[in-house]
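Each remark here refers to the structure printed beneath this line.
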Amino acid sequence: MSKLEPGDAAPDFTLPDANDSEVSLSSFRGQRVILYFYPAAMTPGCTKQACDFRDNLGALTKHGFVVLGVSKDKPAKLRSFIERDALTFPLLSDPDLAVHKAYSAYGEKQNYGKTIMGVIRSTFVVDADGKIEKALYNVKATGHVARLMKELDLA
């Protein structure tokens, strides 16, 4: 899979959320969506990133953004993550990694100096027409939301 670039059509998908309700990217047409892929719920880096989105959600929604997090975790684990950390945006379950792969957010990556296959922490901004506005691969959990807000001229 080649990486997505600004101007590409965002691959549409329908995934279950933490309550097993189906969520489709296309249902957010007319809004800008921040779609982020993270390796695993309730791990230190992923918790830091999710709480960062939670803490900045007011500013993001004020500017018209919807935030969606995607991982390979099952809905029950996502529910626990949401409850434990008082997360206030949808987390979506992609256990077969089909959506991860459509966004090139799964593949070879470096982990402690070794090349492994895994989830590539990535964030996409999808514009109101369903096109990729920003595609950020290999992002760091710490400071990512501040960087994103700066790049979007929101900070």
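Each reported figure results from applying straightforward, stated rules to the coordinates on display, with no laboratory input. Bear in mind that the values here come from a model prediction, so they are computed numbers and not experimental data. Glycine gets a Cβ as well: all are built from the backbone with ideal geometry, and neighbour counts include every protein chain shown.
Quick look at the numbers
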item: Filter pass, Thr61 being surrounded by fewer than 22 Cβ atoms within 10 Å (Cβ to Cβ), in a loop (DSSP other than H, G, I, E, B), more than 13 Å from the chain's Cα centre (by Cα) and of a type outside the set (Asp, Glu); result: no
item: Selection from the stretch 96-155 of residues that are under 19 Å from Lys72 (Cβ atoms), under 12 Å from the mean Cα position of the chain (by Cα) and either aliphatic (A, V, I, L, M) or assigned to a helix (DSSP H, G or I) (or both); result: Val99, His100, Ala105, Val119, Ile120, Val139, Ala141
item: Residues within the stretch 9-42 that are surrounded by 15 or more Cβ atoms within 10 Å (Cβ to Cβ) and not hydrophobic (A, V, I, L, M, F, W, C), tallied; result: 7
item: Residues that are of a type in the set (A, V, I, L, M), in contact with a Phe, Trp or Tyr (Cβ under 6 Å, 6 or more places away or on another chain) and in contact (Cβ under 8 Å) with a residue 40 or more places away in the chain, drawn from the stretch 44-84; result: Val70
item: Of all residues making up the stretch 18-39, the number that are in a loop (DSSP other than H, G, I, E, B) and without any contact (Cβ under 8 Å) to a residue 60 or more places away in the chain; result: 2
